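Please read the structure below before turning to the comments.
The values are calculated or read from the model by the stated rules, or taken from the named source; none is laboratory data. From a predicted model like this one, the values you see are computed outputs, not experimental measurements. Every residue, glycine among them, receives a Cβ derived from its backbone with ideal geometry; neighbour counts consider all protein chains shown. Heavy atoms of the whole protein, side chains included, go into the accessibility calculation; ligands, DNA and RNA do not. Shrake-Rupley method; radii C 1.70, N 1.55, O 1.52, S 1.80 Å.
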Amino acid sequence: MAMALLRSEFNRLKDWAPRDHSQDKPKAEDHVKEMYSLGKIGGKFYFNPVVTFFSFGGVWAIVIWAMAAQGSAARKTWDAQVWVTDIWAWLYMITQNVWIVVLFYLLFKHYNLKLGKDDDKPEFSDGAYFAMLFSCGVATGLWYFSAEAMWHYEGYGTPRWMDEKMFNMNTRAEHAVMVTFFHWGLHGWIPYTVVGALIAILSYRRGFPMSMRFTMYPLIGEMVYGILGDMIEILSILCTIFGVCTSLGLGAMQINKGMVRLDRGTYLGKDYIGCTGSEGPGDACEGNTGMSEDKGVQICIIIGITLLATASVVMGLKKGIQVLSFVAFGLSVFILISILFMDHTWYILNVLTSSFGYYLWYLPKISFHTDAWEELGAASLGQGGAPDGRGGAAGWMNGWTIFYWGWWISWGPFVGTFLARISKGRKLGHFIIATLILPSIWSFVFLGIMGAAQIRMSNQAISAGLDGTTIATRYGSYADKTAIGWTQSLEDDDGNPYTKWVPVPDSVTRLYWLGTEDVLFEHLSAYGGQGWATFMTVITLICIVLYFITSSDSASFVVDIMAANGVEEPPLLQKIFWAFTEGAAACALLASASEDNPKAALNAVKAIPIILGLPFTFLLFWMCQGLVIVCKEEAGELFIGRRHFETFLLNFEPVTFVSFPFPFLGLGVVAEKVGWCNKIVGIVLYGLAWLVMVVFLCLGAADEAFAYMGAAMYFMLALGAAALRVAVRHKLQISGDMVSDYMACTFALPGAIGQMYAEDFNKQGAWTKEVKADITM
């Protein structure tokens, strides 16, 4: 069996090129049979053993490590996340902008391309469709980060706009809302749209299974059926499970906080149920049941959510996920409109209008902003930081923008696959609008209303003198009414000026100084009495729980599909298995938490999706390229059977192995084949470049600067090899583009040389005219 699998992998290296499978493999089941599997499609079990075992083992290996190491694990993953930010921030920012340009190009160029056969109709109504995609995508995050604009306004993480010489408090407020829009707007939804559109086209128009591995088919062709495809699936599952697992843990803490507030009758910072009368300011009361914020309660919450999510998955899309998404979305709309009406309505509408315009105007700048100078740190570090000491602090990008980009990207496989599953029969233009533009607008409305209201409340608290440092200066209900408030300058009916002291109302709270889980509930409590606060806490908790269920069940649904080689309806037992795996991992992390740092284990795995988001950034870049190729093929602008290199890039050609120590030999021979020069001349020229690089690297042992020059020389050599690869493609009419040539020669130079060397140069001119159109890409 093992030898057969190895032979299969080796055979694909010589027969890897993408092709039209409409005749030999018209159905998804025909493709599924090409992959490793155990069981029978439609039987009691069917899964890919490589993907399933490595994914399951990887999940629990990381979870056990996080449980055992805790503080140490949290520090190591945090350091890895910081490294991603410090080194790759530029890549995150550039790629997001490239992807959005590509999506808008496709929106107008291929608007009418059907995600399915030409006569397929949408499976779900527009309302159900939007509710499901939004519930799956970000709904839980919106509730947890509902105070983001207020945090930015107050200066959490010391961002660059806290400089009072550059921003007054009004412009800072507008900037804070705009930054929140940026984090939850178009750039955030891009990964979902790219993955979803590509999978939907390949699945519903080409007949491929609904699996992440096939997003690479336009570029690596038949290799997706083997180990490379399995690796893509494993990475996708790990991203999904750790993203959902972390959300379950953090969500359980937020739900636990809300339940404790209900049990104790908490209102404006005070408990009213189960009190003995001896409690001091801020002391907790016993409550009705004695419920507390502890890991036991949170584990019970996760178990409950997992059971409900499992039931939803078992019931299927139309009876489970669709119904829950409808209810959750409707409830969130009701809560949000209520806040709009209860707060200063016209002020909030003005904020939404102004901040949206500011977002559109500022988007070209902020979408490329990397905090380059701030990341140098303080001037005293001697790294070139700003001598005036103004601006922001290092690390803000890591804690906010890059954190978000990594999080959105890591959730791309799960949400994108789910969007593809529910989008059959829709047009590509409709899909892009529904998954990119409309959810961005709804996120603006949601976070704009919450942010505007909380910033106004914060301004009230700041101007009244609530600095938040103590319980008496955090809540208006505890404040000294003779010292905390406003002296108002007024005029009587005769126009005579006078002053009036107005004490701070009980409803005013310095929200910034509250815990993350408290902000939302205290915000809502400010609009009415104690009974009202209880009512709002109840319906908000219901909404949050429903959103967590829909996120968990859709994640389990997608993970099961990926582990089952893309089978759209995997066996029931496997659905239950993956749903329980997510819940069990979250429970294990909470159960291992120490009392002094209950989030230690969760924080350790919280960074995992961000770290895994880095390799997925490269995958998404290739997926974007693949999406453009597939759209052109479907529109008839490219011939599906066009010529590719005969051998795959990652190959075992003899010249490939020789090229590890002596790349100039193969390059010189290929240079002669394309007609550049005599092979001896080519070997000498490329050899000189290689020799200079090696000399510089050796000198680096004495002076590090030479090592960097050696690295620069390698990139120059790769550029020369890429130019040769372009010449090979043009001579043989092989599909490709110059950017891909340079990437191949930079990151896989020996393989690229072996690939070029293995070509039959007697075949030029034997291909159709359609191939030539691709060469101009």
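A few points about this structure:
- The Cα atoms of region 95-183 define a convex hull whose projected area, averaged across directions, is 8.9 nm².
- Positive-end residue, the chain charge dipole about Cα centroid, Cβ charges, pick of T647, L235, H183: T647
- Long-range Cα-Cα pairs in region 572-702 (distance over 26 Å), rounded percent: 64
- Region 433-526, accessible surface, carbon-and-sulfur percent (1.4 angstrom probe): 54
- Hydrodynamic radius of region 489-637 per Kirkwood, over alpha carbon pairs, in Å: 21.6
- Label zone at K121, where the point sits 7 Å out along the Cα-to-Cβ direction: region 412-440 residues whose backbone N lies under 18 Å: 422-427
- Inter-centroid distance (Cα atoms) of region 15-48 relative to region 355-413, Å: 45
- Using every pair of distinct Cα positions in region 4-85, the Kirkwood expression returns a hydrodynamic radius of 16.8 angstrom.
- Heavy-atom accessible surface of region 558-650: percent carbon and sulfur, 1.4 Å: 66
- Packing-based order for 740-748, 172-180, 305-313, using average beta carbon neighbours within 10 Å, highest first: 172-180, 305-313, 740-748
- Pairs exceeding a 24 Å alpha-carbon distance, out of K295/K575; K270/K481; K117/K318; K114/K365; K40/K319; K318/K427: K295/K575; K114/K365; K40/K319.
- Each helix, a run of at least 4 DSSP H residues, gives -39500 (n - 2.57); summed and divided by the residues of the chain, these come to -21000 deg cm²/dmol at 222 nm.
- For region 645-691, the convex hull spanned by the alpha carbon atoms encloses 78 Å³ per residue.
- Just the protein heavy atoms count here, and of the accessible area of region 193-273 at 1.4 Å, carbon and sulfur take up 66 percent.
- Length gained when the stretch E164-E672 is fully extended (0.36 nm per residue, less Cα-Cα span): 176.4 nm
- Tail beyond 17 Å, pair distance distribution of region 525-570 (Cα, percent): 54
- When the Cα positions of Y144, W99, T85 are compared along the charge dipole of region 76-150, W99 comes out farthest toward the positive end, with charges on each C-beta of Lys, Arg, Asp and Glu.
- Estimated FRET transfer efficiency (Y347, I87; beta-carbon r; R0 41 Å; 0.05): 0.45
- Stretching F10 away from V327 to a fully extended chain increases their span by 109.0 nm, per 0.36 nm per residue minus the current alpha-carbon distance.
- Estimated from the Cβ-Cβ distance and a Förster radius of 45 angstrom, the FRET efficiency linking I337 and I41 is about 0.45.
- Surface per residue (accessible, 1.4 Å probe) for the chain, Å²: 40
- Both radii are taken from the alpha-carbon atoms of region 179-265; with Rh as the Kirkwood radius, Rg/Rh is 1.18.
- Rg/Rh ratio calculated on Cα atoms of the chain (Kirkwood radius): 1.01
- Calculated FRET value between V739 and A705, using beta carbons and R₀ = 35 Å, to 0.05: 0.75
- Extension gain for E568-D20 works out to 195.1 nm (0.36 nm per residue, less the C-alpha to C-alpha distance).
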